[in-house]
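To keep things clear, I will list the structure first and then write my remarks on it.
The values are calculated or read from the model by the stated rules, or taken from the named source; none is laboratory data. Quantities reported herein were computed from a predicted structural model and do not represent experimental measurements. Backbone-built Cβ (ideal geometry, glycine too); neighbour counts: all protein chains shown. We work out accessible area using only protein heavy atoms, side chains counted, and drop any ligands, DNA or RNA first. Shrake-Rupley method; radii C 1.70, N 1.55, O 1.52, S 1.80 Å.
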Amino acid sequence: ITDLMSALKKHNLIVQETELTDFRAIFKGEGVAVKIVWKGSLGALSYFVKNLNSSGDKITDLNQEIWAVTIKCFKMEDGRELKANKLRTQQIPANAHIIEKCINML
């Protein structure tokens, strides 16, 4: 998880100030006290979550809860409100290969 967080920071997908304890919290299935600030595009967040969720043994499959959990765990740097229908309908972003590399850090 540390490597994943570092890779996301390196590629400017999350803010540099993200604390490891806060980042780990999104993978524990418990309440998230501090949302992770996403610097990338909405499409990049959607792609990250979809691919992380479908990565098999890396995390628990969230099924229908994927977007509700995403909204509880992340917020956009520019303050835009995250909505499930917007996340669900995003296209594959131009930086998809970078996101895949980051997920492979797990």
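Extending 7 Å from the Cα toward the beta-carbon at both LEU106 and PHE27 defines two label points whose distance is 0.7 nm. Total lysine pairs in the chain at Cα distances under 16 Å, for residues eight or more apart or on different chains: 22. Using the Cβ-Cβ distance between THR89 and LYS10 with R0 set to 25 Å, the FRET efficiency works out to roughly 0.35.
Using the Cβ-Cβ distance between ASP78 and LEU20 with R0 = 22 Å, the FRET efficiency computed as 1/(1 + (r/R0)^6) comes to roughly 0.35. Taking the protein heavy atoms of the chain in the context of the full set of protein chains, the accessible area attributed to carbon and sulfur is 48 percent at 1.4 Å. Here the contact order of the range 1-56, divided by its residue count and restricted to Cα pairs under 8 Å and six or more residues apart, works out to 31 percent. Stretching HIS97 away from ILE1 to a fully extended chain increases their span by 32.7 nm, per 0.36 nm per residue minus the current alpha-carbon distance. The Cα-based radius of gyration and maximum Cα-Cα distance (Dmax) for the range 19-106 are 12.2, 32 Å. Each peptide among 1-7, 89-95, 40-46 gets the average number of other Cβ atoms lying within 10 Å of its residues, and from highest to lowest they stand as 40-46, 1-7, 89-95.
From its DSSP helices (H runs of at least four residues, each -39,500 (n - 2.57)), the chain gives a residue-normalised ellipticity at 222 nm of -13500 deg cm²/dmol.
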